[in-house]
Amino acid sequence: MSDPDAYRTKREWEVKKITATVPRAALFKEEPERGIEIYGDGIGRVDLVDHMGSDLTIVNSARVSFGKHKEALDEKDKGLVNYLVRHRHTSTFEHNVATFRFVVPLFVRSQHHRHRTWSYNEISRRYTDVNIQFYEPEAFRTQHKSNRQASNAEELINPSLVHSPSSATWPITFRASALISDHHQGSLKLFNSLIEAGVCREQARGVLPQNLYTEYYGTVNLNNLLKFIDLRTHEGAQWEIQKVAEACLEIAEGLWPVAVGAYRQAKKTKNKLKGLKAILDQERAFIIEINAGGQHDGLSYNELIEMIDEFLESA
Ligand SMILES: Cc1cc2nc3c(=O)[nH]c(=O)nc-3n(C[C@H](O)[C@H](O)[C@H](O)COP(=O)(O)OP(=O)(O)OC[C@H]3O[C@@H](n4cnc5c(N)ncnc54)[C@H](O)[C@@H]3O)c2cc1C
């Protein structure tokens, strides 16, 4: 399936010990080192399982319109890939496909599965009750003040909470992380008791919390992968899925450096344009204010021109 062309600019990959239940050899056919740990707990991770196509595939799928085919990628082709990204001729990215293996908490899985252009297969807790692990952060983001969906990644806490276990006669103060870990162990104990008492796995699993790790395969073409990455690396997306999207981007860049490089460049330009638009909007408001007899404390004409020139040079 894989194309040797894809590895010509092979990157250094972050290699961490795999704590999977599935034997490593069974997971990775050709690229045993392509995995990225995402939460620093030795469990959450994204691995490349398999892939199809190279940067050359993209170029040839574009050139087939003219009945042309090339055996190797050259500088001109890099320009063509940039053009395809800029002008959103994204169907040419759909012949490149990757299969990943994800080990993430249930709530991340739910967010990921909203992306319907992926194909998924997941471990079933109706079939197995082994290797139950939990996502256990030791620092917690505070709630964002204005965006009800968001958190503050820069403001980390691990608060103390007063807890009153039913057996204790007085309340005890614990760190949030310790209480959460305790809660996980309690739910696991109940799960095991239910199984031992003869309750079926499909009902017993209901007591396991959202932090339960799950694992699944996800297969997607490069066009839809980049759409997913765009949505989920955005600062409005939950931190835990941002890490998933960033890992996918890094793995994809190793496979298709020209295409992903063009995507990164286009995104950078888009962000700069957004910044420029914000400044121009502000300047427009200042001009309106001056016309209405107000004070102008925005950029001078020369500063504005300098900034636009700087932008045009770097875009
Ligand atoms: C920051 C963030 C917050 C979110 N919050 C919520 C939330 O609170 N609640 C919630 O329910 N969801 C939420 N979502 C999920 C979001 O609404 C989308 O479901 C998700 O981002 C997938 O986007 P998509 O549909 O474009 O992707 P995909 O499902 O991968 O589809 C890609 C494209 O294919 C086309 N397509 C696929 N399936 C269909 C279809 N059946 N009909 C028509 N066109 C189709 C569409 O053009 C679509 O854009 C959130 C997403 C993000 C990024």
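The values are calculated or read from the model by the stated rules, or taken from the named source; none is laboratory data. Computed from a predicted model, the values in this text were never measured in an experiment. Counting neighbours? That spans all protein chains shown, and the Cβs are built from the backbone with ideal geometry, glycine included.
Among the residues of the stretch 213-228, those that are part of a strand (DSSP E or B) and within 12 Å of the ligand (Cβ to nearest atom) comprise Gly218, Val220, Asn221.
Being surrounded by fewer than 13 Cβ atoms within 10 Å (Cβ to Cβ), more than 18 Å from the chain's Cα centre (by Cα) and assigned by TED's automatic domain parsing to the domain that holds Val244 is a condition met by no residue of the stretch 111-120. Looking only at the stretch 95-126, how many residues end up being without any contact (Cβ under 8 Å) to a residue 60 or more places away in the chain and not small (Gly, Ala, Ser)? Looking only at that region, the number is 3.
Yes or no, residue by residue, for (1) touching a residue at least 24 places away in the same chain (Cβ under 8 Å); (2) part of a loop (DSSP other than H, G, I, E, B); (3) in the same structural domain as Val49 (by TED's automatic domain parsing):
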position	(1), (2), (3)
Thr128	yes, yes, yes
Glu154	no, no, yes
Trp170	no, yes, yes
Phe174	no, no, yes
Ala178	no, no, yes
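Please work out which residue is surrounded by the most Cβ atoms within 10 Å (Cβ to Cβ), limiting yourself to the stretch 229-240 and to residues that are assigned to a helix (DSSP H, G or I) and within 8 Å of the ligand (Cβ to nearest atom). The extreme case among them is Arg232. Annotation note: of Val130, Val108, Val103, the sole residue that is under 18 Å from His184 (Cβ atoms) and in contact with a Lys or Arg (Cβ under 7 Å, 6 or more places away or on another chain) is Val103. Take the residues in the stretch 107-137 that are among the charged types (D, E, K, R) and modelled with pLDDT under 90; name whichever of them is nearest to the ligand (Cβ to nearest atom). Among them, the one singled out is Arg125. Residue-level analysis places Leu161 among those that are surrounded by 13 or more Cβ atoms within 10 Å (Cβ to Cβ), more than 16 Å from the ligand (Cβ to nearest atom) and assigned to a strand (DSSP E or B).
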